[in-house]
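The values are calculated or read from the model by the stated rules, or taken from the named source; none is laboratory data. Bear in mind that the values here come from a model prediction, so they are computed numbers and not experimental data. Cβ sites come from the backbone with ideal geometry, for glycine too, and all protein chains shown count toward neighbours.
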Amino acid sequence: MGRLAAILLAALLVAACGGSKTRIGKLDSSAVIVAFGDSLTFGTGAAPADSYPAALERRIGRKVVNAGVPGETSERGLERLPDVLEEVKPALLILCHGGNDFLQRLPDARAASNVREMIRLARAKGVPVVLLATPKPGLPPSVPAFYEEIAAELSVPFEDGVMRTVLVDNRLKSDMVHPNGAGYAQIAEAIEKVLKKSGAI
């Protein structure tokens, strides 16, 4: 109970300040960032140049590798991540996973475990992580609590609101579960703010 209470308290403190206060070392201009996830990272619903990794690259002036795979569950992502980290050797990982778990109605606990392990895996290789929360489908979509709990537990900078904001606005969507170019641009802007707040840029 003590550990749970501590995590919940940390989560409340994170929520109160609008995101994690965790600092990331400033990325130099040659730093490579990996955006890792599923179709929301890949940019389904928009041209490749309008995906959020491409939009973010233009905004922050650093290379952002798009490592999104449409249809991928968090379990598959956990299996794939080591090879991506080894190949790219990024200075930062932006992690956005869980959406396909929700669509397939897999247990939230499994998605939470996989997201947590991806963060730990990256950190074990010296790669800091920014976490981007994905909402569960519904009327309206809702963001599972485990993202905030993991961010608090592992002191990870995170963005928990923009994906839901985009996916409840028909002007920013290409279909029921994917943004359009304008939606991805809004996501990139929100991530840029997290990077600035954490000191990464």
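Every residue, every condition in (1) surrounded by fewer than 17 Cβ atoms within 10 Å (Cβ to Cβ); (2) in contact with an Asp or Glu (Cβ under 7 Å, 6 or more places away or on another chain), yes or no:
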{"residue": "Ala54", "(1), (2)": "no, no"}
{"residue": "Ile60", "(1), (2)": "no, yes"}
{"residue": "Val84", "(1), (2)": "no, no"}
{"residue": "Lys89", "(1), (2)": "yes, no"}
{"residue": "Ile94", "(1), (2)": "no, no"}
{"residue": "Asn100", "(1), (2)": "no, yes"}
Could you check how many residues of region 25-79 are assigned to a loop (DSSP other than H, G, I, E, B) and of a type in the set (Ser, Thr, Tyr)?
5
List every residue pair whose Cβ atoms sit under 8 Å apart, with the two residues 6 or more apart in sequence or on different chains, where the first one lies in region 166-188 and is more than 13 Å from Pro141 (Cα to Cα) and the second, anywhere, is hydrophobic (A, V, I, L, M, F, W, C) and modelled with pLDDT under 95.
Lys173/Leu167; Pro179/Leu167; Gly183/Leu167
Go through region 138-157 and count every residue that is in contact with a helix residue (DSSP H, G or I) (Cβ under 6 Å, 6 or more places away or on another chain) and modelled with pLDDT under 95.
1
If you scan region 38-48, which residues turn out to be crowded, with 24+ Cβ neighbours inside 10 Å and at negative phi?
Asp38, Leu40, Thr41
Please indicate, with yes or no, whether at least one residue in region 93-101 is closer than 15 Å to Ala188 by Cα, hydrophobic (A, V, I, L, M, F, W, C), over 15 Å from the mean Cα position of the chain (by Cα) and outside any loop (DSSP other than H, G, I, E, B).
no
